[in-house]
Amino acid sequence: MPCLYLSTNVNLDGVDINPIFSEATKAISAITGKPDTHIMVLLKGSVPISFGASTSEPAAYGELVALGGITKAVKRELIATLGTILQNSKLSVPRTRFFLKVVDVSTPMGSKL
């Protein structure tokens, strides 16, 4: 069951976040091969974030935790695809101001993906 935690400094009040949830879920399912019924997405806004010494420009941090199925290619595709979703959403977080940590909990600690 992959779980994506997203935090952004963007205020989410009045923002329709449902498209972000559905697009992220579909993307994670397609990339990892896991059914979308087993994918969880959490989104938290108004989180103080400093990125590149700026706290005022939109930025986001994410962690995707999965049990298996994460290869280097999958990781790269997740980063690119989720970054594009955030950039093209109403959050308007540039891909260059998004950091995603991808963790495969079935992989021994210290192995390189």
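Residues checked against (1) within 15 Å of P2 (Cβ to Cβ); (2) not hydroxyl-bearing (S, T, Y):
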{"site": "M40", "(1), (2)": "yes, yes"}
{"site": "S54", "(1), (2)": "no, no"}
{"site": "A59", "(1), (2)": "no, yes"}
{"site": "T84", "(1), (2)": "no, no"}
{"site": "F98", "(1), (2)": "no, yes"}
{"site": "S106", "(1), (2)": "yes, no"}
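Give me a count of the residues in the stretch 47-72 that are hydroxyl-bearing (S, T, Y) and modelled with pLDDT of 95 or more. I'd like the intermediate steps shown before the answer.
To start, the set of residues in the stretch 47-72 that are hydroxyl-bearing (S, T, Y) comprises 50, 54-56, 61, 71.
With the extra rule that they be modelled with pLDDT of 95 or more, the set shrinks to 50, 61.
Within the stretch 47-72, residues that are hydroxyl-bearing (S, T, Y) and modelled with pLDDT of 95 or more number 2.
Check K112, K75, K44 and return the single one that is exposed (fewer than 15 other Cβ atoms within 10 Å of the Cβ), modelled with pLDDT of 95 or more and among the basic types (K, R). Steps first, please.
On the way: K112 fails: modelled with pLDDT of 95 or more; K75 fails: exposed (fewer than 15 other Cβ atoms within 10 Å of the Cβ).
Result: K44 is the single residue among K112, K75, K44 that is exposed (fewer than 15 other Cβ atoms within 10 Å of the Cβ), modelled with pLDDT of 95 or more and among the basic types (K, R).
I'm checking my understanding of the structure. Among residues of the stretch 16-41 that are small (G, A, S) and free of Cβ contacts under 8 Å to residues at least 60 places away in the same chain, which one is surrounded by the fewest Cβ atoms within 10 Å (Cβ to Cβ)? Show your work before the answer.
Start the filter on the stretch 16-41 by keeping residues that are small (G, A, S), which leaves 22, 24, 27, 29-30, 33.
Keeping just the survivors that are free of Cβ contacts under 8 Å to residues at least 60 places away in the same chain gives 22, 27, 29-30, 33.
Working: S22: 13, A27: 20, S29: 16, A30: 12, G33: 10.
The qualifying residue surrounded by the fewest Cβ atoms within 10 Å (Cβ to Cβ) is G33.
Give the stretch 12-42 a look and list any residue that's of a type in the set (G, A, S) and under 12 Å from the mean Cα position of the chain (by Cα), or say none. Break it down stepwise before answering.
Residues of the stretch 12-42 of a type in the set (G, A, S): 14, 22, 24, 27, 29-30, 33.
Scanning the stretch 12-42 gives A24, A27.
Quick check on my filter: what residues within the stretch 47-72 are open to solvent by less than 70 Å² (accessible area, probe 1.4 Å) and under 11 Å from the mean Cα position of the chain (by Cα)?
Hits for the stretch 47-72 are A60, G62, E63, L64, V65.
So which residues in the stretch 81-110 are of a type in the set (G, A, S) and in contact (Cβ under 8 Å) with a residue 12 or more places away in the chain, if there are any at all?
Here is the first cut: in the stretch 81-110, the ones of a type in the set (G, A, S) are 83, 89, 92, 106, 110.
Result: G83, S89, S92, S106.
The values are calculated or read from the model by the stated rules, or taken from the named source; none is laboratory data. The structure displayed is predicted, hence computed values, not measured ones. Here the Cβ is made from the backbone with ideal geometry for all residues, glycine too, and neighbour counts use every protein chain on show. Surface accessibility is based on the protein's heavy atoms, side chains included, excluding ligands, DNA and RNA. Shrake-Rupley method; radii C 1.70, N 1.55, O 1.52, S 1.80 Å.
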